[in-house]
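Step one of this worksheet: look at the structure below.
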Ligand code: PAF
């Protein structure tokens, strides 16, 4: 069963009636297989899953794509329905507010800032972005009170920011990071891929290929770090990189001396579209 909810009042009434623990998948809609993998996981663990579709204005900068971000509710609902096919025991409550004031009522004036983590890498290129993300996710957690919430690891820094917020504010929710889903040739699925022309799609493979080259050079060994960094320096001669960096996977520190796991994060620009990707690597 899929039930659509468009107002906060209806959501709160429903949540009050459902006594059981529930899973939660927050999204901005325009669903693809990556989002559906989060829903599938949530449905494996819970009979009742909340799923939000809300293009959050607070996480877009003034010159970003808030206006043109694809809004495809009818198609999204069909996809959710298809995941539920043959599972009469499961319920998905889709919270898709039509008016942003349902989430941020007039006069709403608070913001959540996860200090250190939000200001590097993606946060440096998009000032205020993670404050917008943390603020909406906090608000959704407050309304939905999930036991577990599912996030794709494609947005690895976002995952770490949310996890840190939950730890710092002692929120009673478990954050589950789910693997990146890729096209056959390696491009990580993203709603923004549809901004790419067929030619740009081919060129965009350079992002995943570069991550793989650096990972291959590193080969899981601290002793190869200098070589991997040299390779990164060479790759980022291409001016389309916003960044390509090796960071500690737990706290995004650039100091990897004591790291056991690192993340290689990259953002490559194709025209006006920014493509994000990352790999998680062990380091011995
Ligand atoms: O990852 C996203 O789609 C968004 O940043 C999120 C977590 C739904 C918050 O708007």
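General remarks:
- Odd one out for residue 162 among (1) closer than 25 Å to residue 61 by Cα; (2) modelled with pLDDT of 95 or more; (3) more than 16 Å from the ligand (Cβ to nearest atom): (3)
- Residue within the range 29-40 that is away from the ligand (no atom under 11 Å from the Cβ), modelled with pLDDT of 95 or more and in contact with a strand residue (DSSP E or B) (Cβ under 9 Å, 6 or more places away or on another chain) present: yes
Here's the yes/no breakdown for (1) over 23 Å from residue 43 (Cβ atoms); (2) within 12 Å of the ligand (Cβ to nearest atom); (3) part of a loop (DSSP other than H, G, I, E, B):
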{"site": "111", "(1), (2), (3)": "yes, no, yes"}
{"site": "118", "(1), (2), (3)": "yes, no, no"}
{"site": "123", "(1), (2), (3)": "yes, no, no"}
{"site": "140", "(1), (2), (3)": "no, yes, no"}
{"site": "146", "(1), (2), (3)": "no, no, yes"}
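- Any hit, the range 62-71, residues being crowded, with 21+ Cβ neighbours inside 10 Å and within 13 Å of the ligand (Cβ to nearest atom): no
- Tally of residues being crowded, with 18+ Cβ neighbours inside 10 Å, assigned to a loop (DSSP other than H, G, I, E, B) and over 18 Å from the mean Cα position of the chain (by Cα) across the range 227-255: 0
- Pair list, Cβ under 6 Å, 6 or more apart: the range 127-142 residue in contact (Cβ under 8 Å) with a residue 40 or more places away in the chain and more than 25 Å from residue 22 (Cα to Cα), other residue near the ligand (Cβ under 9 Å from one of its atoms) and assigned to a helix (DSSP H, G or I): 129/59
- Just one residue in the set 74, 98 is under 30 Å from residue 274 (Cα atoms), assigned to a loop (DSSP other than H, G, I, E, B) and away from the ligand (no atom under 15 Å from the Cβ); that residue is 98.
The values are calculated or read from the model by the stated rules, or taken from the named source; none is laboratory data. All values derive from a computational prediction rather than experimental measurement. Reconstructed Cβ throughout: ideal geometry from the backbone, glycine too, with neighbour counts over all protein chains shown.
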